[in-house]
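Readers should treat all values here as calculations from the given coordinates under stated rules, not as data from a laboratory. These numbers were taken from a predicted model, which means no experiment stands behind them. Here Cβ is always computed from backbone atoms with ideal geometry, including for glycine, and neighbour counts include all displayed protein chains.
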Amino acid sequence: MRLVQIGVQSLRGPDGSFLPSEPIYREMTDDEAKKAAAREEKMLDEAASDIAKTMKQYKERFFGEEAEE
């Protein structure tokens, strides 16, 4: 088992300002960690693809250019 960072959290101070963020860890086996990394990579690839499509539409709409793929 090993600790894998799965996120961060930040509390607020009495005045509403954010306190320093702290990492959140989870114990995982090496196999679980590899599967989690693969899922994260797939999610990031899909997000990058969605952002690229949106930017292409933006460029075509506002600049009248045929965007390269």
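Given the criteria of a type outside the set (A, V, I, L, M), assigned to a helix (DSSP H, G or I) and surrounded by 10 or more Cβ atoms within 10 Å (Cβ to Cβ), does Tyr58 qualify?
yes
Give the residue, chosen from Glu27, Glu40, that is acidic (Asp, Glu) and without any contact (Cβ under 8 Å) to a residue 12 or more places away in the chain.
Numbers: Glu27 fails: without any contact (Cβ under 8 Å) to a residue 12 or more places away in the chain.
Just one listed residue meets the conditions, Glu40.
Does Lys42 fit the bill of being under 19 Å from the mean Cα position of the chain (by Cα) and basic (Lys, Arg)?
Details: under 19 Å from the mean Cα position of the chain (by Cα): yes; basic (Lys, Arg): yes.
For Lys42, the condition - under 19 Å from the mean Cα position of the chain (by Cα) and basic (Lys, Arg) - is met.
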